[in-house]
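Reading through the structure tokens given below for one structure.
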Amino acid sequence: MELDLLETPIYDTIEIRGVVKVKTDQNFHLRAKNILIKGGTLQAGTAAAPYVHNGQITLYGKRTDPTIAIEN
């Protein structure tokens, strides 16, 4: 899947179970309260083709929200 939005809505939770690649020819702003990566990857560029635009991830959780720790 390719993330091609310049700015996402503020999602409650984003759960990634595969590969999500950031579109390489534009800026992006990923916004969510929680991001869970379960057996997947959030990828912005590679060693051979680095991401050269502005990328931003903003988390909107509160300090008092419960923390989720996931171990393999």
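Every number here is computed from the coordinates shown, using simple stated rules; none is lab data. A quick note: this is a predicted structure, and the numbers were derived from the prediction, not measured. We place every Cβ from the backbone using ideal geometry, glycine too, and count neighbours over all the protein chains shown.
Summary table
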| read-out | value |
| --- | --- |
| Size of charge dipole - the chain - debye, nearest 20, with Cβ of Lys, Arg +1 and Asp, Glu -1, no other charges | 160 |
| Two-site label geometry, Arg17 and Lys33: point separation in nm, points 7 Å out along Cα→Cβ | 2.1 |
| Cβ-defined net charge surrounding Leu59, 15 Å radius [Lys, Arg +1; Asp, Glu -1] | 0 |
| Coil-residue chymotrypsin sites (Phe, Trp or Tyr not before Pro) of the chain, DSSP, other Cβ within 10 Å capped at 12 | Tyr60 |
| Cross-link reach list, lysines versus Lys23, counting only Cα pairs under 26 Å and skipping chain neighbours closer than eight places | Lys33, Lys38 |
| The chain - percent relative contact order, Cα under 8 Å, separation 6 or more | 31 |
| Neighbour-count order for Lys23, Lys62, Lys38, fewest beta carbons within 10 angstrom listed first | Lys62, Lys38, Lys23 |
| Translational diffusion coefficient (Stokes-Einstein; Kirkwood radius from C-alpha pairs) of the range 2-59 at 37 °C, 0.692 mPa s, in µm²/s | 279 |
